[in-house]
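What follows is a single structure, written as structure tokens, with notes after it.
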Amino acid sequence: MIHSKIIGGAAQTTLRADMSGEFLQEIEDLAEGDGRYNRDAYIFVYDALQYTVEKLGKTTLPKEKRHISGRDLVLGISEYSAEQFGPLTCSVFFHWGIKQTRDFGEIVFNLIEANLMSKTENDQIDDFVDVYDFAEEFDWTKRKADLKRLP
């Protein structure tokens with residue numbers, strides 16, 4: 001049930017105009033301060049949130065109804081990364097410091113703490129734990145058969 005705080009209308013799914021210089025500087029500072037994840041990981045997760053909200057048909061809903069679960073976000077990240085990176089997904093994630101689905105939750109909660117995303121009282125880091133195993137999820141021989149898991 002996570003949603004971005006920087007929404008000026010319909011969600012966009014690429015590095016977008018709503019990513020102002022100030023926003024990007026906040027991301028840079030956040031990544032540098034935390035030290036675990038590359039700046040691009042934060043931008044990717046933010047973009048993947050927009051992608052997932054759009055895929056779930058929530059872009060036109062009022063702000064409070066655009067919330068998605070941590071699990072849905074992680075599934076959206078899988079689908080979005082397949083489109084963006086194809087068989088290089090694991091390599092990209094490892095380069096960024098992401099080794100398991102919990103890492104997406106760590107990034108999200110860092111963004112929440114920096115007031116760049118928000119959460120409900122029910123959202124917790126455990127929502128992101130063990131949603132899938134990277135080796136299985138990004139097995140490209142299997143993956144070609146079924147890339148779509150979001151409705």
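Values in this text are rule-based calculations from the coordinates and carry no lab data. Treat the numbers as computed from the prediction; the structure is a model and nothing was measured. Glycine also receives a Cβ, built like all others from the backbone with ideal geometry; neighbour counts cover every protein chain displayed.
Which of Ile125, Ile68 has the fewest other C-beta atoms within 10 Å, and how do the rest follow up to the most? Numbers along the way, then the final one.
Details: Ile125 12, Ile68 20.
Fewest-to-most Cβ neighbours within 10 Å comes out as Ile125, Ile68.
Give Lys58/Lys119; Lys65/Lys142; Lys63/Lys99 a once-over and call out the pairs whose C-alpha atoms are over 24 Å from each other.
Details: Lys58/Lys119 16 Å; Lys65/Lys142 34 Å; Lys63/Lys99 31 Å.
Pairs exceeding the cut-off: Lys65/Lys142; Lys63/Lys99.
Run down the aspartates and glutamates and flag those whose C-alpha is under 15 Å from the C-alpha of Lys55, throwing out any fewer than 8 positions away in its chain.
Asp47, Asp72, Glu79, Glu83
How charged is the neighbourhood of Arg39? Take every other residue with its Cβ under 9 Å from the Cβ of Arg39, and add Lys/Arg as +1 and Asp/Glu as -1.
Numbers: positive: none; negative: Glu28, Glu32, Asp40.
Combined, the nearby Lys, Arg, Asp and Glu give -3.
Quick one: order Glu121, Glu64 by neighbouring beta-carbon count within 10 Å, fewest to most. Each step should come with its number before you reach the end.
Details: Glu121 6, Glu64 10.
Ranking Glu121, Glu64 by Cβ neighbours within 10 Å, fewest first, gives Glu121, Glu64.
Neighbour counts of other C-beta atoms within 10 Å: give me Glu113, Glu137 arranged from fewest to most.
Result, fewest neighbours first: Glu113, Glu137.
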